[in-house]
Amino acid sequence: MAAPWIDLRTLKKTLADFFDEQRQPITTFGSTVNQTFEAFVFASVIGWYRECGWDVVISNPLNEVTGKPVFKLKFSTRGRPADYSHATCSNGSVVVHVRHQLRVATRHHRDKQKNKANVCLDVAVIRPTDVSSYSTDTAAPNEQLISFGEAKHMSAFAELVAGFIGLVHEMQPERLKRTRIGSWNQQRVDHPAPFLYVSGVLYFTAEGIKETILRRRYDIDLYTQEDRLSGSPSLPASIR
């Protein structure tokens, strides 16, 4: 059941409007509130690039029956990435892909090791990568990763934020060095930093961890219903 702070029906309609050119029914955006919130966070990253002046094109896989492109999001860690939609964002000669639930190797993974070290990221911003030959278990090389985000339909407690910091350490440890300068809220001009996006709020213990993140100037962000990544799409609140 949806948590009271999200109007699920309105959120699906908002996403349908955001991806208007895809002409897809609202059922495209997940069967559960968790999935719909993931779709919202995926759209928010695309919205961030649009707001910063990037050109955005949505690329869709072909329907096996009709042979026509179909908008399809990836709500599972399983599945070939080429079978799902992704966004191509361009700014002059700079091009990135925004993908949903993409498996990416950790910074410390080595091809010769017995067990693969990779993580399926809720949203991944990567350098242009041909994934047509990828299986469900293939991970994109870590050097292709530009940024990423995790979506959690919940309010955040300290352990959740600490776990996200651990994920950043595995994927992009350089983000945990003292890299932020100037005003913390100054708009970035390149790409979003790695982020944790919760649909609720930060509990006081999570706020405490956030204070230490600001003090340590980690190059990561926390977003909530009150502090959004981008202005579009919006996260509609439920009327209680």
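The values are calculated or read from the model by the stated rules, or taken from the named source; none is laboratory data. In this text the structure is predicted, and so the values were computed from the model without any measurement. Backbone-built Cβ (ideal geometry, glycine too); neighbour counts: all protein chains shown.
If the requirement is being surrounded by 19 or more Cβ atoms within 10 Å (Cβ to Cβ) and at negative phi, which of these qualifies: A117, A124?
Unique residue meeting the criteria: A124.
In the stretch 46-77, which residue that is of a type outside the set (V, I, T) and within 14 Å of the chain's Cα centre (by Cα) is surrounded by the fewest Cβ atoms within 10 Å (Cβ to Cβ)?
Of everything passing the filter in the stretch 46-77, S76 is surrounded by the fewest Cβ atoms within 10 Å (Cβ to Cβ).
Scan the stretch 28-45 and tell me whether some residue there is modelled with pLDDT of 95 or more, assigned to a helix (DSSP H, G or I), more than 12 Å from the chain's Cα centre (by Cα) and over 18 Å from C120 (Cα atoms).
No, there is no match, as no residue in the stretch 28-45 is modelled with pLDDT of 95 or more, assigned to a helix (DSSP H, G or I), more than 12 Å from the chain's Cα centre (by Cα) and over 18 Å from C120 (Cα atoms).
Which of the residues belonging to the stretch 120-150 are under 14 Å from the mean Cα position of the chain (by Cα) and either closer than 14 Å to T77 by Cα or at pLDDT below 95 (or both)?
Within the stretch 120-150, C120, L121, D122, V123, A124, E150 qualify.
Taking the options A16, A82, name whichever one is touching a helix residue (DSSP H, G or I) at 6+ places or on another chain (Cβ under 7 Å) and of a type in the set (A, V, I, L, M). Spell out how you get there, then give the answer.
On the way: A82 fails: touching a helix residue (DSSP H, G or I) at 6+ places or on another chain (Cβ under 7 Å).
On inspection, the qualifying residue turns out to be A16.
Can you say whether V95 is of a type in the set (A, V, I, L, M) and either more than 24 Å from H153 (Cβ to Cβ) or modelled with pLDDT under 95 (or both), as far as the supplied structure shows?
The answer is yes for V95.
Can you run down the residue pairs with Cβ atoms below 8 Å, 6 or more apart or on separate chains, where the first is in the stretch 147-166 and acidic (D, E) and the partner is in a helix (DSSP H, G or I) and modelled with pLDDT of 95 or more?
E150/F164; E150/L167
Check off (1) modelled with pLDDT of 95 or more; (2) more than 21 Å from S199 (Cβ to Cβ); (3) crowded, with 18+ Cβ neighbours inside 10 Å; (4) not hydrophobic (A, V, I, L, M, F, W, C) for Q24 and give me the number that stays unchecked.
(1)
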